[in-house]
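**Q** Pasting a structure here, questions to come.
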Amino acid sequence: MTPHQENTPLQLLQGLELKAKRAAHGLPQQMDIQTTWDAIGFRLMGQRLVVAMKDVREILTPPIMTRIPGARHWVLGIANIRGNLMPILDLSGFLTNEPGELKRRSRILVVSQRGVTAGLMVDEVFGMRHFLDEEFSPQHAAGKGTPLESYLMGSYRQTGEYWGVFDMNKLFETPEFMKVAA
């Protein structure tokens, strides 16, 4: 073809096809999508535990509390949280029947279950945790043989550590937990 000769439409299309093939990227790789379970990690009675993210409304530093006369020892008091009165309960004290100790790292997990909103004091909060489904085991590797055992519904093993899955629904279904008067 001479320099002054025009390309036919077929030759133009073939040239465009060749350019497109040279610039094309390969297809994306097939990736396995892994689902995760999102939770809040905390420490209670020396055990690493997690609770479903959906069960925790917020995390607070221990607020100023007013004691309630005639309440069980694990009822720490009532607190005004943004204009709403909320009972603050010592989760360790309830489980062991011994008063827990309020420490610098202690936090309050605000939970709502069965129409009841309460703050539960725990030893420490580690924040959000994400676990792969295959890391779950129905055996209670964390908390076995402790007062926590009946409130655990399995555990996750991640980087060599077990995280017991604490069942908030079961806690709030426990008649003794709902009876706060001494």
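The values are calculated or read from the model by the stated rules, or taken from the named source; none is laboratory data. It should be emphasised that the depicted structure is a prediction, and the values quoted were computed from it without experimental measurement. For neighbour counting, all protein chains shown are included, and Cβ atoms are generated from backbone atoms with ideal geometry for every residue, glycine included.
Here is a yes/no grid of residues against (1) crowded, with 18+ Cβ neighbours inside 10 Å; (2) at pLDDT 95 or above; (3) under 18 Å from Lys179 (Cα atoms); (4) of a type in the set (Val, Ile, Thr):
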{"site": "Gly46", "(1), (2), (3), (4)": "no, no, no, no"}
{"site": "Pro63", "(1), (2), (3), (4)": "no, yes, no, no"}
{"site": "Val75", "(1), (2), (3), (4)": "yes, yes, yes, yes"}
{"site": "Arg105", "(1), (2), (3), (4)": "no, yes, no, no"}
{"site": "Leu120", "(1), (2), (3), (4)": "yes, yes, yes, no"}
{"site": "Phe136", "(1), (2), (3), (4)": "no, no, no, no"}
{"site": "Gln139", "(1), (2), (3), (4)": "no, no, no, no"}
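**Q** Still on this structure: For the stretch 138-153, name all the residues that are in a strand (DSSP E or B) and in contact with a His (Cβ under 7 Å, 6 or more places away or on another chain).
**A** Scanning the stretch 138-153 gives a single hit, Leu152.
**Q** Another one. Could you say which residue among Asn97, Asn84 is without any contact (Cβ under 8 Å) to a residue 40 or more places away in the chain and at negative phi?
**A** Asn84
**Q** So which residues in the stretch 114-154 are over 17 Å from the mean Cα position of the chain (by Cα) and touching a residue at least 60 places away in the same chain (Cβ under 8 Å)?
**A** Val116, Thr117, Gly143, Thr146, Pro147, Leu148
**Q** Return yes or no: is Leu171 in contact with a helix residue (DSSP H, G or I) (Cβ under 6 Å, 6 or more places away or on another chain) and crowded, with 16+ Cβ neighbours inside 10 Å?
**A** Against the criterion (in contact with a helix residue (DSSP H, G or I) (Cβ under 6 Å, 6 or more places away or on another chain) and crowded, with 16+ Cβ neighbours inside 10 Å), Leu171 qualifies.
**Q** Can you spot a residue in the stretch 116-137 that is part of a loop (DSSP other than H, G, I, E, B) and either closer than 13 Å to Val56 by Cα or among the small types (Gly, Ala, Ser) (or both)?
**A** No, the conditions are met nowhere in the stretch 116-137.
**Q** Which one is modelled with the highest pLDDT, of the residues in the stretch 154-181 that are over 18 Å from Arg43 (Cβ atoms) and among the aliphatic types (A, V, I, L, M)?
**A** Met178
**Q** If you check every pair at least six apart or on different chains, which have Cβ atoms under 8 Å apart with a residue in the stretch 165-182 that is in contact (Cβ under 8 Å) with a residue 40 or more places away in the chain and assigned to a loop (DSSP other than H, G, I, E, B) first and a residue that is surrounded by 12 or more Cβ atoms within 10 Å (Cβ to Cβ) and small (Gly, Ala, Ser) second?
**A** Val180/Ala71; Ala182/Ala71
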